[in-house]
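The values are calculated or read from the model by the stated rules, or taken from the named source; none is laboratory data. This one's a predicted model, so the numbers in the text were calculated from it and none came from an experiment. For neighbour counting, all protein chains shown are included, and Cβ atoms are generated from backbone atoms with ideal geometry for every residue, glycine included. Areas reflect the complete protein model, heavy atoms only, side chains present, ligands, DNA and RNA absent. Shrake-Rupley method; radii C 1.70, N 1.55, O 1.52, S 1.80 Å.
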Amino acid sequence: MKIAVIAHLKFPIGQPYLGGLEMHTHHLAGALRRRGHRVTLFASEGSDPLLVPDPVCPPTGDALGDPVAFARIARAEQAAYERIVEMIERGGFDVIHNNSLHPLPLKASHRLAAPMVTALHTPPFDSLSEGVAAAKPGMIFAAVSPSLAQEWADLAPNARIIGNGIDLSTFAFSPAAEPADYVFWSGRIVPEKGTHLAIDAARKAGIPLRFAGPQPNPRYWNEWIAPRLGEGVAYVGHLSHAELARQLGGARAAIVSPRWEEPFGLVVAEALACGTPVAAFARGAIPDIVDRWSGALAGADDVEDLARAIIRAVGLERRACRHRAETLYDAAVMTDGYEDLYREVLSGAAPARRPRLPVLERLIA
């Protein structure tokens, strides 16, 4: 198939990833190319050259609450997505995979000859909801978790569930934690990821913490994170995937502390792949991913409960964690799901009523 993949433009599609959506888009575009499809990735400048991307603009970045920056970014993204749609119109594509989180490709779907599959990676927000409501009738949507599909049920009632996947060869199984006693946290160091709550919980559990990730919010770092460093808490930087996997695999447990309804949680799947049990707030899709054999859940924003979950998690069997990742969150399984979806839209088959992938249905039930 000749496939157009529309990325979001805030950050490059390449390592070190700024977030889960960049990683997802990278894995999917690369896997489709390796399977022999002709893939054009429309993305921002600086994306991985191995994907042979079509760079449409510099990375637009994050406004971080600045209204002037927000307006500038909105203008840049509007113009860039207009160019992408124009290139797709001329490109002779068989199918379009929309990962953009922007309303313009959805609203423009009416004028595109190729069918579009749109992946939903976030809970509904105003501009994306407007785009979904304005999309070409019959468009097929995919949600990355059952909880996210439920959040979109009013606007996209037939959304398929295709869980995100990770590279299981990169996140290799570690049958035992390192002799150095520590738990691990990774992700963007921003308020909605709750890094400071993970630090406080690890201290209450009495286990040293290492944490990693980009620092896109200097104010949050300076006011909430820097004062908590030391005394068993160490920042180890923004890591490559190989080093992230090594640190995750050596940990006794991984802490996941979102302060919003996490639509998936790739860091959870990465930890399980390494055999590292997870201690997490039970928010969004995390209860879909973590079962009682692979982790322990805590009440939202409850540091005391998260500390108790850490203590429970470190005693779990690591092989069970790896098995869950192999069964549900292999990038190859994710790519299979999207390929099946592309074939369905090309065949013109009528959408079924919210089916789940069979293995996901069986293991989540």
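For every other residue with a beta carbon closer than 12 angstrom to the beta carbon of Leu209, add +1 if it is Lys or Arg and -1 if Asp or Glu, then tell me the sum. Please report the intermediate quantities before stating the final value.
Details: positive: Arg203, Lys204, Arg210, Arg228, Arg252; negative: Asp181, Asp200, Glu231.
In short, +2.
Please list the non-local residues whose amide H lies under 5 Å from the amide H of Gly295, H modeled 1.01 Å from N, same-chain partners needing a gap of 5 or more.
Amide H neighbours of Gly295: Val278.
Largest first and to the nearest Å, give the Cα extent of segment 183-325 along each principal axis.
Dimensions of segment 183-325 along the principal axes of its Cα atoms: 39, 31, 29 Å.
Note the full-extension length gain between Val236 and Arg90 as 0.36 nm times their separation in residues minus their Cα-Cα distance, in nm to one decimal. Kindly include the intermediate steps, with their values, before the conclusion.
On the way: separation 146, 0.36 × 146 = 52.56 nm, distance 4.61 nm.
That pair, Val236 and Arg90, stretches by 48.0 nm at full extension.
According to the Cα gyration tensor, what semi-axes, each the square root of 5 times an eigenvalue, does the equivalent ellipsoid of segment 5-59 have, listed from largest to smallest in whole Å?
On the way: eigenvalues 55, 29, 14 Å².
Calculated on Cα positions only, the semi-axes equal 17, 12, 8 Å.
Along segment 152-157, what does the Karplus equation 6.51 cos²θ - 1.76 cosθ + 1.60 (θ = phi - 60°) give for ³J(HN,Hα), rounded to whole Hz, x for Gly and Pro?
Result, rounded to whole Hz: 9, 4, 5, 9, 9, x.
So how far, in whole Å, is the C-alpha centre of segment 267-308 from the one of segment 49-113?
So the separation of the two Cα centres works out to 34 Å.
Using 0.36 nm per residue of separation minus the Cα-Cα distance, give me the extension gain between Arg111 and Phe70 in nm, one decimal. Display every interim value, and only then the final one.
Numbers: separation 41, 0.36 × 41 = 14.76 nm, distance 2.80 nm.
Full-extension gain reported as 12.0 nm.
If a paramagnetic tag sat 7 Å from the Cα of Arg343 along the Cα-Cβ line, which residues of segment 91-110 would have the backbone N under 12 Å from that point?
Under cut-off, by backbone N: nothing.
Accessible area per residue of the chain at 1.4 Å probe, in Å²?
Details: 14680 Å² over 365 residues.
Accessible area per residue, the chain: 40 Å².
Between Phe264 and residues 5 or more places away or on another chain, which pairs have amide H atoms under 5 Å apart, with H built 1.01 Å from N, and which residues are they?
Ala285
Taking the chain as the reference, fit the longest principal axis to its C-alpha atoms, fit the long axis of helix 303-313 to the helix C-alpha atoms, and give the angle between the two in degrees, 0 to 90, nearest 10.
90
Determine which residues of segment 250-276 fall in the zone a paramagnetic label at Phe125 would reach in this model, i.e. backbone nitrogen under 18 Å from the point 7 Å along Cα→Cβ.
Only 258-266 fall inside the zone, counting backbone N under 18 Å.
In terms of Cα to Cα distance under 30 Å, which lysines are near enough to Lys136, apart from those fewer than 8 places away along the same chain?
Cα-Cα hits under 30 Å: Lys2, Lys10, Lys107.
For Glu317 and Glu45, what is the calculated FRET efficiency with R₀ set at 51 Å and r taken between the beta-carbons, to the nearest 0.05? All intermediate terms of the calculation are to be shown ahead of the outcome.
On the way: r = 45 Å, r/R0 = 0.88.
Computed FRET efficiency for Glu317 and Glu45: 0.70.
Rounded to the nearest percent, how much of the accessible area of the chain (1.4 Å probe, protein heavy atoms only) is carbon and sulfur?
C and S fraction of accessible area: 54 percent.
Whole-Å semi-axes of the chain's equivalent ellipsoid, largest first, each the root of 5 times a Cα gyration tensor eigenvalue?
On the way: eigenvalues 233, 104, 68 Å².
Gyration-tensor ellipsoid for the chain: 34, 23, 18 Å.
So in segment 183-325, what percent of DSSP beta bridges are antiparallel if you round to the nearest 5?
Working: 1 of 16 bridges.
Percent antiparallel among DSSP bridges in segment 183-325 is about 5.
With θ taken as phi - 60° and the coefficients 6.51, -1.76 and 1.60, list the Karplus ³J(HN,Hα) couplings across segment 287-298 in order, rounded to whole Hz; mark glycine and proline as x.
x, 5, 8, 9, 9, 6, 8, 10, x, 9, 10, 10
Mind listing P(r) for segment 93-137? All alpha-carbon pairs, 5 Å bins, whole percents.
Whole-percent P(r) values from 0 Å outward: 5, 26, 35, 23, 8, 3.
Determine ³J(HN,Hα), in whole Hz, for all residues of segment 9-19 in sequence, where each value follows from phi through the Karplus function 6.51 cos²θ - 1.76 cosθ + 1.60 and θ = phi - 60°; x replaces Gly and Pro.
10, 5, 9, x, 8, x, 7, x, 5, 7, x
What does DSSP give for the chain in terms of the percent of beta bridges that are antiparallel, rounded to the nearest 5? Let's see the in-between values first.
Values: 1 of 38 bridges.
Here the antiparallel bridges make up roughly 5 percent for the chain.
Please list the non-local residues whose amide H lies under 5 Å from the amide H of Ala251, H modeled 1.01 Å from N, same-chain partners needing a gap of 5 or more.
Excluding prolines and chain starts, which carry no amide H, the hits are Glu178.
Please give the helix 195-205 orientation as an angle from the longest Cα principal axis of the chain, in degrees from 0 to 90, rounded to the nearest 10.
Approximately 30 degrees, to the nearest ten.
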